[in-house]
Amino acid sequence: MYTIVHAIVGYFFLLLTVRVLSRRPGAQLTPFEFVIVFLIGGVIILATVGDDKSVTNCVCAILAVVLMHQFVSWLRTRYGWLQNVIDGAPVVLLAHGEWQLEGMNSTRVEDDDVMAAARTKGVMNLSGIKYAILERNGAISIIKANQKAD
Amino acid sequence: MAATQTAPVEDSIAKIGNEVAVGEDMQFQRRWWRFEKAVWVVFLLIVLLDLAGAFGRGPLAKAHANTRGGTMVVDYERIERFSTPSILTIHFGPSAVVDGRIQLWVSDSVVKELGNQRVIPEPVSSVIGNGGILYTFAATSLPDSVEFALQPSHPGIAHFELRVPGATLDAPLRDEFEAKVVVMP
């Protein structure tokens, strides 16, 4: 019984922790962020499984986590506002040649993060960006300055 | 054959600059960022409280108590953690020794709730009765102490009692100690 309870508590605690940590771990995983992901995962599993290393316990823990994931996915689809809470909402970082400082500071994204995303789109400097948007999954979308809306 | 369900595409995603559908919601974001700051304060408080031992295994969790008759000095953890080992130590005073032996009665919550794993040193005898266990230890010299290796089996509040029934006291006739222990999940 404790395994199931620990798995459920662990799932929600991890969801909250990763959600408030910042959005970067979702997409741009640097070695600095690898440390956090592995450490948190390792610590949570200790409390979830405990001393009981039986297959039964591991299966129950995995099933509890998978069911919680399905439940939260269903909630997210059922109640639209929960999608913003769980996944976050897109944040505009740069628009028409101006940094959106509130979004930049609050999401802890630097200009070189935006430039890194821009380079992957073949944009050679910041002035070539019309919009930079931090997506729900942590990726930065770039819309080039010469790109026209339909 | 059932028809495939379809729905018309609506331009429902909020746009920026009236051209790019982003779905940005700054009102929600500002509320979320305030919430994030509050969560970080709570996380910091939890870590500080844990360092102080408010959740067990720290200075605030350790307790040291003397019984009124001076028969026992008890060192224990007032905040335990579920399934985590700890030691309950009882130091005996001279009045606890009668005919070269010490008798100690412990309530059965020490075994059931606090999960006593073993008693050090091993008692000469142990008798079950009166809602607890009466241990008898051989005592040749003082100070003598007995340790209980605990490993709580349930989270919650556990209440335990200790008595030295054979203590040579005028009043009270037997020396008692009782305490509550919070077992963290």
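Every number here is computed from the coordinates shown, using simple stated rules; none is lab data. Predicted model only: the values in this text are computed from it and were never measured. So basically every Cβ, Gly included, is an ideal-geometry build from the backbone, and we count neighbours across all protein chains shown.
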*Please list, in chain and number order, the residues 5+ apart from B:Glu80 or on another chain whose amide H is under 5 Å from its amide H, with Hs placed from the backbone.*
B:Val182, B:Val183, B:Met184
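Mean separation of Cα pairs under 8 Å and 6+ residues apart, divided by the residue count of chain A: what relative contact order is that in percent? Walk me through the intermediate numbers first.
Details: 150 pairs, mean separation 37.2, N = 150.
Normalised by residue count, the contact order of chain A is 25 percent.
Among DSSP beta bridges whose residues both lie in the protein assembly as shown, state the antiparallel percentage, nearest 5.
On the way: 57 of 60 bridges.
Looking only at bridges with both residues in the protein assembly as shown, the antiparallel portion is about 95 percent.
Chain B: Rg/Rh from Cα coordinates, Kirkwood Rh?
On the way: Rg = 29.0 Å, Rh = 20.6 Å.
Radius of gyration relative to Kirkwood radius: 1.41.
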*Would you list which lysines come within 18 Å of B:Lys112, measuring only between C-alpha atoms, while excluding same-chain residues fewer than 8 positions from it?*
B:Lys180
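Using the alpha carbon gyration tensor of chain A, what are the three equivalent-ellipsoid semi-axes (square root of 5 times each eigenvalue), largest first, in whole Å? Numbers along the way, then the final one.
On the way: eigenvalues 288, 57, 28 Å².
The answer is 38, 17, 12 Å, longest axis first.
Using Cβ contacts closer than 10 Å as the measure, can you line up B:Glu24, B:Glu176, B:Glu80 from fewest to most?
Numbers: B:Glu24 22, B:Glu176 17, B:Glu80 26.
With the fewest neighbours first, B:Glu24, B:Glu176, B:Glu80 line up as B:Glu176, B:Glu24, B:Glu80.
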*Each residue of the stretch A:124-130 in order: what ³J(HN,Hα) in whole Hz does its phi give by Karplus 6.51 cos²θ - 1.76 cosθ + 1.60, θ = phi - 60°, with x for Gly and Pro?*
8, 8, 5, 5, x, 9, 8
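Per residue, how much space in cubic angstrom lies within the convex hull of the C-alpha atoms of the protein assembly as shown?
Numbers: hull volume 73.1 nm³, N = 335.
Each residue corresponds to 218 Å³ of Cα convex hull volume.
If you place +1 on the Cβ of every Lys and Arg, -1 on the Cβ of every Asp and Glu, and leave all else neutral, what size is the dipole of chain A about its Cα centre, to the nearest 20 Debye? Write down the numbers at each step before the final one.
On the way: 13 positive and 12 negative charges, 75 e Å.
So the magnitude is around 360 debye.
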*Once the dipole of the protein assembly as shown is set up with Lys and Arg at +1 and Asp and Glu at -1 on Cβ about the Cα centre, which of B:Pro155, B:Pro94, A:Val109 lies farthest towards its positive end?*
A:Val109
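Nearest 5 percent is fine: what portion of the DSSP beta bridges confined to chain B is antiparallel? The partial results should precede the final answer.
Numbers: 46 of 49 bridges.
Among the beta bridges of chain B, antiparallel pairing accounts for roughly 95 percent.
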*Cα to Cα, under 16 Å, and not fewer than 8 places away if on the same chain: which aspartates and glutamates meet these conditions relative to B:Lys37?*
A:Glu102
_Interchain or long-range residues, amide H under 5 Å from A:Leu94's placed H_ = A:Gln100, A:Ala132
*Mind putting a number on the dipole of the stretch A:91-144 about its Cα centre? Charges go on the C-beta only, +1 for Lys and Arg and -1 for Asp and Glu, and I need it in Debye to the nearest 20.*
280
*asked:* Name the residue from B:Trp105, A:Asn146, A:Leu46 whose Cα lies farthest towards the positive end of the charge dipole of the protein assembly as shown, charges +1 on Cβ of Lys and Arg and -1 on Cβ of Asp and Glu.
replied: A:Asn146
*Mind listing the phi-derived Karplus ³J(HN,Hα) values for the stretch A:96-101, rounded to whole Hz, using 6.51, -1.76 and 1.60 with θ = phi - 60°, and x for any glycine or proline?*
6, x, 10, 5, 8, 5
_In order through the stretch B:54-59: 3J(HN,Hα) via Karplus (6.51 cos²θ - 1.76 cosθ + 1.60), integer Hz, x for Gly, Pro_ = 5, 10, x, 6, x, x
_Dipole in debye (nearest 20) - chain B, about Cα centre, beta carbon charges: Lys, Arg +1; Asp, Glu -1_ = 200
*How many lysine pairs in chain A, separated by 8 or more positions in sequence or lying on different chains, have Cα atoms less than 21 Å apart?*
5
